[in-house]
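See below for the structure under consideration.
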Amino acid sequence: MGLLVYAILAGSIIILLLAYEMSRWPVRGRLLTRRQKIARVASGIVALAILSLMVLGGQASEAGNSILALMYWMICLALAFGLVALALLDLRDIGIGYGEQRKRIIHDLTTGKEENAGSQESRNT
């Protein structure tokens, strides 16, 4: 029964973190691509699937059928590798976005372009 309580707690934390991430999307809307948003939601769903399989794992192992246990662990392993792949995909997209922003900032600095010049003038008046 203790494992079930920890699984519910961990699942609740995953859902809360996913909800928090999604609530921040309007603020960071133009910084995140559609693919990043999909990858982050998919990561949360896969993490919940892995968590639920962890809870059900004892039953599959104790069933006595080695083929069933092997299939169970192969599914768990595939989901874990999928979660790592989604994280790497998100990390790659973050790096690409960082590079684009860095190029834009360097270009603006070298050309002398000021992005917030209008807002600074309104403050001075």
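The values are calculated or read from the model by the stated rules, or taken from the named source; none is laboratory data. All values derive from a computational prediction rather than experimental measurement. Cβ placement follows ideal geometry from the backbone for every residue including glycine, while neighbour counts extend to all protein chains displayed. Note: accessible area is taken over every heavy atom of the protein model, side chains too, but ligands, DNA and RNA are not part of it. Shrake-Rupley method; radii C 1.70, N 1.55, O 1.52, S 1.80 Å.
When you check residue 77 against the structure, is it closer than 18 Å to residue 47 by Cβ and open to solvent by less than 70 Å² (accessible area, probe 1.4 Å), yes or no?
When the stated conditions are applied, residue 77 does not pass them.
Is at least one residue of region 94-108 open to solvent by less than 100 Å² (accessible area, probe 1.4 Å), of a type in the set (A, V, I, L, M), in a helix (DSSP H, G or I) and in contact with a Phe, Trp or Tyr (Cβ under 9 Å, 6 or more places away or on another chain)? The answer is no; no qualifying residue exists. Within region 109-125, the set of residues being at pLDDT 85 or above and either open to solvent by 90 Å² or more (accessible area, probe 1.4 Å) or basic (Lys, Arg) (or both) comprises 109, 110. Would you pick out the residues in region 14-44 that are surrounded by fewer than 15 Cβ atoms within 10 Å (Cβ to Cβ), in a helix (DSSP H, G or I) and of a type in the set (A, V, I, L, M, F, W, C)? Selection gives 15, 16, 17, 19, 22, 38, 41. The set of residues from region 2-31 being closer than 26 Å to residue 93 by Cβ and in contact (Cβ under 8 Å) with a residue 40 or more places away in the chain comprises just one member, 31.
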